[in-house]
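What follows is a short report on a single structure.
The values are calculated or read from the model by the stated rules, or taken from the named source; none is laboratory data. These figures come from a predicted structure and were not determined experimentally. Neighbour counts run over all protein chains shown; Cβ positions are idealised from the backbone, glycine included. What goes into the accessible areas is simple: the full protein's heavy atoms, side chains included, and nothing from ligands, DNA or RNA. Shrake-Rupley method; radii C 1.70, N 1.55, O 1.52, S 1.80 Å.
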Amino acid sequence: MSAPTYARPTSPDEAVSAVADDPSAVFLAGGSNLVDHLKLGIVAPSTLVSVAGLGLDEITEQDGGLRVGARVRNSDLASNPQVRQRYSVLSRALLSGASAQIRHQATTAGNLLQRTRCVYFQDRTVPCNKREPGSGCPALEGYGRYNAVLGASDRCVAVHPSDMAVAMLALDAQVGVLGAGGARSLPIDELHRLPGDDPSRDTTLEHGDLITHVDLPAQPEGARSDYVKVRDRASYAFALVSVAASLTVDDDGTVTDVRVAWGGMAHKPWRATLLEDAMAGGSVTAENVRTACARELEQASPSQQTAYKLPMVTEATAMLLTKLAAGEEWTDERGDPARADPGPRDGPARPAAGRAPEGDRTGDLRRRARDRRHAAGPPGAVDGGQGRIRQIHADEVRELPGVVDVVDHTNAPRVASDADPELAILQDDRVHYRGQVVAVVLAETAEQARAAAQQLRVDYDEEPARTEFDADSEGYEPDSVNAGYETATDKGEVDAALRTAAVVVDETYRTPYEHQMPMEPHATLGRWRGEGRPTRTSRRSGSTTPPRACTRRRRRWPSSWGSTRPTCGSPRRTSGAASGPRACRTRRWRRSRWRPRSTPVGGCGCRSPGSRCSR
């Protein structure tokens, strides 16, 4: 990874000038996509221009709709009450797009501008027309299960990975852009581009253009919207296909407004305009939707690996539109509402969750949170130094939608010892250090918990800070420094000590981080099954590890093997050299050479001939 310079402008105009004047400068927001590519060496900008000091992080009313700032975090956008109530398709898409950690970091503009990519884009050992135009596209002949079936070219078959962009396309969002020529607005359908002859460009923006906001227009009265994402596994993975839809029907079921966008199908979020034209003025039945999808998919060019996408997106669209027409919500493969349920699809916001009984709030708090699948939000922390808490306004937060409880020093379980202030949090009203946790919010979802924690007010009296660090250091000597070594506290010259040290670090080298699924949670599970222990990683790969020792389980002894059996009771045997999962780990013998003996021979105690026993 190269070492770019870092700039932090204080206004959007200054930021635009900083990037426009440097051909290799880039904007930096949350960095969830850009930093990965910096580590992999895919990009090497000369300057990172941070947008952290530009504001642009508010959600406001705008002409009957909402204006979303470019720096609004994905988690804040998904949990916003107005978004959940009026644009539920957007909230659903955001919650299905990534883990809570990534949603807390990623921004609205960054999500839109993430690179369109396939598995080969991040592998620098193979050619890629997106990285190096004209070098070739290995996805055409290689692994292509995720490849595009609409709008692809012989230069690139990657698909756009964003879920949020698909939902915004179905909402007819407008993107606000500030460039060297001034401010402008463009439909989100014109933001992304198909690969054509130059797949290195993902958007129509010019170098130096800065997205400042996204406008969500008012939706038709009675519109229902939702988002469906079909993927290989329920964890955070890119969509095989996804469908975002907004539907309005009149009293007799006739379609008055329908908007459908597909993800996982093309180099850009795909607006199904031919499907919409076919559905307009008709009724929503599964057969009608399938017919309309067939009209849209006439322009598809699937390969043998991607042919499955056509029936998959057709059935997903049919199920979603028929459910919207019937006023039902989408459910996952288990029949439950989508996992990260952001609230009702349309209509009034979800009522506040009931409070737990007073007597049960402390002793059984963790069990209740686990059983109800509640999420613990970002803990409330103080921004000052040492001091005392006067009051935590927890009752205000408990009344917010989705909040189950607030845990602070008044109701938290007691710990065995409070001698260490860094470990004994939530035990009293004392604040020992800046950033100390003073409260934890429990809610139905991580987004609700995060939003509630941000509204928690803490009245706090800060004590005077001690800033003269050397005042008490005179004559101080620790009891020990690294057990087994002589304690020495004399002050000396650091540079001189390094020059005379036995070992000196001249330079540190780091290899690029390589992982095809960077959004996967890191976990490995093992379970005993019969002869082996299958090991499953978060990438769904598996391996079977055989037992390392004889299980010593008694089983039926075949009479044809003789009347005397090994004392460990294991009937495992093998022909020839003992190997494989059925080989006993404590002895080896050949059935044809095995003979009963009256005296045990061999270290394991079995009655097999010594030459045939591994002990």
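Odds and ends about this structure:
Residue-by-condition table, conditions (1) of a type in the set (Phe, Trp, Tyr); (2) more than 20 Å from LEU178 (Cβ to Cβ); (3) modelled with pLDDT under 90:
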| site | (1), (2), (3) |
| --- | --- |
| LEU66 | no, no, no |
| GLY69 | no, no, no |
| VAL72 | no, no, no |
| SER88 | no, yes, no |
| LEU94 | no, yes, no |
| SER99 | no, yes, yes |
| ASN111 | no, no, no |
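- A Cβ distance below 6 Å, combined with a sequence gap of six or more or placement on separate chains, defines the contacts here; from segment 99-114, residues that are more than 19 Å from ILE42 (Cα to Cα) reach residues that are among the aromatic types (Phe, Trp, Tyr) and assigned to a loop (DSSP other than H, G, I, E, B) in the pairs SER99/TYR236.
- Condition check for ARG366 on (1) in contact with a His (Cβ under 8 Å, 6 or more places away or on another chain); (2) at pLDDT below 80; (3) open to solvent by 90 Å² or more (accessible area, probe 1.4 Å): one failure, at (1).
- Condition met for THR285 (open to solvent by 50 Å² or more (accessible area, probe 1.4 Å) and of a type outside the set (A, V, I, L, M, F, W, C)): yes
- Pairs linking a residue in segment 50-70 that is open to solvent by 50 Å² or more (accessible area, probe 1.4 Å) to a residue that is polar (S, T, N, Q) and part of a strand (DSSP E or B), with Cβ atoms under 8 Å and 6 or more positions apart or on different chains, are ARG67/THR60.
- Of the strands (runs of 3 or more DSSP E) that lie entirely inside segment 1-57, those containing 3 or more residues that are touching a strand residue (DSSP E or B) at 6+ places or on another chain (Cβ under 9 Å) and of a type in the set (A, V, I, L, M, F, W, C) span 25-28.
- Matching option when the condition is closer than 26 Å to ALA318 by Cβ, open to solvent by 50 Å² or more (accessible area, probe 1.4 Å) and outside any helix (DSSP H, G or I), among ASP232, ASP257: ASP232
- For segment 1-16, the set of residues classified as open to solvent by 50 Å² or more (accessible area, probe 1.4 Å) and in contact (Cβ under 8 Å) with a residue 60 or more places away in the chain consists of MET1, ASP13, listed by residue number.
- So ASP202, is it free of Cβ contacts under 8 Å to residues at least 24 places away in the same chain and open to solvent by 10 Å² or more (accessible area, probe 1.4 Å): no
This table checks each residue for (1) more than 27 Å from the chain's Cα centre (by Cα); (2) of a type in the set (S, T, N, Q).
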{"position": "VAL149", "(1), (2)": "no, no"}
{"position": "SER162", "(1), (2)": "no, yes"}
{"position": "ILE188", "(1), (2)": "no, no"}
{"position": "LEU191", "(1), (2)": "no, no"}
{"position": "ASP197", "(1), (2)": "yes, no"}
{"position": "THR212", "(1), (2)": "no, yes"}
{"position": "PRO220", "(1), (2)": "yes, no"}
{"position": "ALA245", "(1), (2)": "no, no"}
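- Residue among LEU186, LEU194, LEU274 that is out of contact with any Pro (no Cβ under 7 Å at 6 or more places or on another chain), surrounded by fewer than 23 Cβ atoms within 10 Å (Cβ to Cβ) and part of a loop (DSSP other than H, G, I, E, B): LEU194
- Qualifying residue in segment 121-128 (condition: of a type in the set (Asp, Glu) and either farther than 24 Å from LEU210 by Cα or within 17 Å of the chain's Cα centre (by Cα) (or both)): yes
- Yes/no for ASP252 being farther than 27 Å from ARG131 by Cα, at pLDDT below 95 and surrounded by 24 or more Cβ atoms within 10 Å (Cβ to Cβ): no
Residues are listed down the side, and each one gets a yes or a no for (1) touching a Leu at 6+ places or on another chain (Cβ under 8 Å); (2) open to solvent by less than 30 Å² (accessible area, probe 1.4 Å); (3) small (Gly, Ala, Ser):
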{"residue": "ASN74", "(1), (2), (3)": "yes, yes, no"}
{"residue": "VAL83", "(1), (2), (3)": "yes, yes, no"}
{"residue": "TYR87", "(1), (2), (3)": "yes, yes, no"}
{"residue": "ARG124", "(1), (2), (3)": "yes, no, no"}
{"residue": "VAL159", "(1), (2), (3)": "no, yes, no"}
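- Residue under evaluation ALA239, criteria (1) surrounded by fewer than 24 Cβ atoms within 10 Å (Cβ to Cβ); (2) in a loop (DSSP other than H, G, I, E, B), criterion not met: (1)
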